[in-house]
2 protein chains.
Amino acid sequence: MPDTAKPFEIARARTLPALKAELAALRTGGATIGFVPTMGALHDGHLALVRHAKSLCDKVVVSIFVNPLQFAPTEDLDRYPRDEAGDIARLQSVGCDLVYLPTVDVLYPKNFVSRIELAGPALGLETDFRPQFFSGVATVVSKLFNQVRPDVAVFGEKDFQQLAVVRAMVRDFDMGIEIIGMPTVREADGLALSSRNAYLSPEERAIAPKLHQALEAIRDGHLTIDTAKTELQAAGFGQIDYIALRDADTLGEVTPETTSRRLLAALWLGKTRLIDNIPA
Amino acid sequence: MPDTAKPFEIARARTLPALKAELAALRTGGATIGFVPTMGALHDGHLALVRHAKSLCDKVVVSIFVNPLQFAPTEDLDRYPRDEAGDIARLQSVGCDLVYLPTVDVLYPKNFVSRIELAGPALGLETDFRPQFFSGVATVVSKLFNQVRPDVAVFGEKDFQQLAVVRAMVRDFDMGIEIIGMPTVREADGLALSSRNAYLSPEERAIAPKLHQALEAIRDGHLTIDTAKTELQAAGFGQIDYIALRDADTLGEVTPETTSRRLLAALWLGKTRLIDNIPA
């Protein structure tokens, strides 16, 4: 029988010892490892990260872990979309070599007492509305990095502030991992792909692309941030957490030293919080 | 000329690239690396750690860095004893292979924004008097671990709470480094070796051993903690920050689950703060 008759079976690990064993096998012959940490509910944006990691490294590891440390008690931890079988099939389709599916007790045993805290790019924007978010992200990403020990890790620019925080953490702690950011993947109408788009009703889904349109209009000088906010709320959006033009490197205020700018937004549409950002 | 005519020259690195180059040379042939992080002013207690690391690993790296992050503005950062030439000679005498002497800007470039924070063993005791201490220790040790990537790191039990904090951090972040604690080395009269003993006047030096004697008397039931405090102050000690009996694993209160206890103390003698601890 030809090899093609035997379907490629993606390796899976649910515990740290299983992960270590699978990684040792993957690393045979000095293979380089690319890593894409995710919370599952994978869409084409995630798959673009995996494909890019595969183009940079010999092997690709993807983690799926809905990290309780980055959710506030009021947030959507319990209803965050989960589709493990679908996720694994999608990862298999893009050549992921190993999927790591730790349970909460694998990452946070009951005596877990540590946290990473950042200032710099973690200040403001998301942190004004989700104070523990980046500490939770940095802590879990640091753990996953130490467990997987990748050469390269790939993150989406959709979570632009998160990408900046991860870059700062890797630099500050001398983690020796190359961090790659990938442009946001969008629907044809401009809506940034997000696992949380699944929460939108058909009516909300029709309104949602206006966020990206508004960001482009601000970038192009057709709207001010304030007029854009008024238009978005008239179109059906709820609370606008922020729309802000920032230095793309520091995520602080734009200064005379700024060489690259980013326009970032977070706002509510019904019970769903959407974020997006573009170069500006 | 015989080899013995050429004195062994300990390798030194002051920058991260120099460290990486020296480490690559040390690791030739798969040699294992033991690591002893210090703040210099090395005494026989430090040298015991280096000797033990050398017995466990093929090569030993020692760092000397007086870490500003773990000193409060009111503390003795500026007058902390420094003796680089003497330290290097002492390290050479015990077979240390590489000494890493980073400057402050190597470990904390101006855009440095990250910190590790711990609860658990970091709560109480030292933290009640030095609130930023363990965050500073954990942050620098984490960086040094990532820079050196040792197999084993050796710490003294003199800083017992620090040892517990480092163990928790390594466990929580899956750092994959074996942490070894070594018993405190003492003078013949019982005084725990400490770089800060150099601050003591001859009169204070004569009083200092009474701390260890008091801890032994409490352990053996000859004194209560309260009567020991009274006797120590009558003997010439100043403020007593704490004398406390704790669970040796959690550093929390002793409970019915406690299997091992530790008696820990910190107090002032003139302008010098002394700490000590013993099993109890």
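About the centre of its Cα atoms, chain B shows a dipole size close to 660 debye [charges on the beta carbon of Lys, Arg (+1) and Asp, Glu (-1) only; nearest 20 debye]. The distance from the alpha carbon centre of region B:85-146 to that of region B:202-270 is 26 Å, rounded to a whole number. Across peptide A:128-140, the mean count of Cβ atoms from other chains lying within 10 Å of each residue's own Cβ comes to 1. Just so you know, the averaged projected area of the alpha carbon convex hull for chain A sits at 16.8 nm².
Relative to one another, the C-alpha centroids of region B:46-74 and region B:175-190 are positioned 11 Å apart.
What's the ranking of A:203-210, B:9-16, A:220-227, A:118-125 by average number of surrounding C-beta atoms within 10 Å, highest first?
Output ranking for A:203-210, B:9-16, A:220-227, A:118-125: A:118-125, A:203-210, B:9-16, A:220-227.
The antiparallel fraction among DSSP beta bridges confined to chain A stands at about 45%. Taking the Cα centre of region B:195-279 as reference, the dipole from Cβ charges on Lys and Arg (+1) and Asp and Glu (-1) amounts to some 300 debye. Packing, taken as the mean count of other beta carbons within 10 Å per residue, orders the peptides A:149-158, A:228-237 from highest to lowest as A:149-158, A:228-237. Electrostatic bookkeeping for B:Pro102 treats Lys and Arg as +1 and Asp and Glu as -1; over the other residues with beta carbon under 10 Å from its beta carbon, the sum is +1. With K and R counted +1 and D and E -1, the other residues having a Cβ less than 13 Å from that of A:Leu223 yield a net charge of -1.
With n ≥ 4 as the cut-off for DSSP H runs, can you work out [θ] at 222 nm for chain A, using -39500 (n - 2.57) per run divided by the number of residues, rounded to the nearest 500? Calculated mean residue ellipticity at 222 nm is -10000 deg cm²/dmol.
Among DSSP beta bridges lying fully in the protein assembly as shown, give the percent that are antiparallel, nearest 5. Intermediate results must be reported in sequence, preceding the final value.
Numbers: 37 of 75 bridges.
Given both bridge residues lie in the protein assembly as shown, the antiparallel proportion sits at roughly 50 percent.
With the largest listed first and rounded to whole Å, the semi-axes of the equivalent ellipsoid of the protein assembly as shown from the Cα gyration tensor are 49, 28, 23.
The magnitude of the dipole of region B:1-138, with charges of +1 and -1 set on the Cβ of Lys/Arg and Asp/Glu and taken from the Cα centre, is near 380 debye.
Using the Cβ atoms and a cut-off under 12 Å, what net charge is assigned to the surroundings of B:Arg12, where Lys and Arg are +1 and Asp and Glu are -1?
Values: positive: B:Arg14; negative: B:Glu9, B:Glu22, B:Glu84, B:Asp87, B:Asp97.
Residues close to B:Arg12 contribute a combined charge of -4.
Debye-formula intensities of region A:195-279, expressed as log10 I(q)/I(0) at q = 0.13, 0.15, 0.21, 0.24 Å⁻¹, are -0.42, -0.54, -0.95, -1.15 (one equal scatterer per alpha-carbon, no solvent).
Which one of A:Leu118, B:Ala138, A:Phe35 has its Cα pushed farthest toward the positive end of the charge dipole of the protein assembly as shown, where Lys and Arg give +1 and Asp and Glu give -1 at the Cβ? Towards the positive end, the residue furthest out is A:Phe35.
When the Cα positions of A:Leu69, A:Val152, B:Pro256 are compared along the charge dipole of the protein assembly as shown, A:Val152 comes out farthest toward the positive end, with charges on each C-beta of Lys, Arg, Asp and Glu. Size descriptors for region B:62-163, from the alpha-carbon set: Rg then Dmax equal 14.6, 39 Å.
For chain A, the relative contact order works out to 17 percent when only alpha carbon pairs closer than 8 Å and six or more residues apart are counted.
Database remark: amide H of B:Gly156 closer than 5 angstrom to the amide H of B:Met182 (H placed geometrically; neighbours at sequence offset of 5 or more, or on other chains; Pro and chain starts carry no H).
For region A:114-205, the direction-averaged projected area of the alpha-carbon convex hull comes to 7.2 nm².
With 23 Å as the limit, write out which pairs from A:Lys143/B:Lys158; A:Lys110/A:Lys158; A:Lys110/A:Lys271; A:Lys54/B:Lys20; B:Lys158/B:Lys271; A:Lys20/A:Lys143 have Cα-Cα distances beyond it, or answer none. Working shown, then result.
Details: A:Lys143/B:Lys158 29 Å; A:Lys110/A:Lys158 33 Å; A:Lys110/A:Lys271 32 Å; A:Lys54/B:Lys20 28 Å; B:Lys158/B:Lys271 20 Å; A:Lys20/A:Lys143 14 Å.
A:Lys143/B:Lys158; A:Lys110/A:Lys158; A:Lys110/A:Lys271; A:Lys54/B:Lys20, as the Cα separations exceed 23 Å there.
Every read-out reported here was derived from the displayed coordinates using simple, explicitly stated rules and does not represent laboratory data. Keep in mind it's a predicted model, so treat the numbers as computed, not measured. Reconstructed Cβ throughout: ideal geometry from the backbone, glycine too, with neighbour counts over all protein chains shown.
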